[in-house]
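Just below is one structure, and these are the notes that go with it.
A short reminder: the numbers here are calculations on the coordinates, not readings from a lab. Because the structure is predicted, anything quoted here is derived from the model rather than measured. Quick reminder, even Gly has a Cβ in these numbers, built from the backbone with ideal geometry, and neighbours come from all protein chains shown.
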Amino acid sequence: MINSGENDNILDGCAQCSAKVTNQVTRRSFAGALLGICSSSMGAFLGLSMVRYVIYPVYAKDSGIQWSHVGDSNEFARAEGPVSKTITFATRDGWREVVSTQSVYVSRGSDGQLQVLSAICPHMGCSVGWQASQGKFVCPCHGGQFGPDGRHLAGPPPRGLDVLPTQVKDGKLLVQFQYFRSNVPTQQTLS
Ligand code: FES
């Protein structure tokens, strides 16, 4: 037979057990919830990073116009004829950024203003060269000829040399290099 003192001890013991069990369950639930929150946050972060990575080429395409440095604008003030320059610019191919170089000529347009001409022949894409002794650009491939301002003089090219967009900023002449469709009479931008 259990007397009332022993009975009280047993009841006390059970109350402690139940408090301990409740405590463990509460701690376990809290740890579980914390783990759940961490996993969800990590999943969302990785998911977002993955989406940004996949769509990067789409929004990177519209990251703005790239201007390449051609030279100090006063460098060309006294030039007697077109001046050859090599410019560097970056293009994006999917996730890759490709740095390219191209030849351009700084010359004066028919209005006397500085302009930058692409050295790519608008006939089939060969590189034209300035022939100072002849006073004109000559294409080595099919004999296309252009005046110092880029206008078409002779040969198969259907238009003059392509004039590139330029700006002068802080005394520097900048150009936006572009490619144009070949063998068509008007200047049509490709990229
Ligand atoms: S590529 Fe220049 S004339 Fe044909």
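Mind ranking 160-172, 136-148 by how tightly packed they are, going by the mean number of other C-beta atoms within 10 angstrom, highest first? If you can, show how the numbers build up before the last one.
Working: 160-172: 15.3, 136-148: 18.3.
The packing order, highest mean first, is 136-148, 160-172.
Excluding residue 150 itself, what net charge comes from residues whose Cβ is under 12 Å from its Cβ, given Lys and Arg +1 and Asp and Glu -1? Mind showing how you got there, number by number?
On the way: positive: 108, 136, 151, 159; negative: 149, 162.
Net local charge, residue 150 excluded: +2.
What nm distance separates the two modelled labels at residue 178 and residue 72, each placed 7 Å from Cα along Cα→Cβ?
For the pair residue 178/residue 72, the computed spacing is 3.0 nm.
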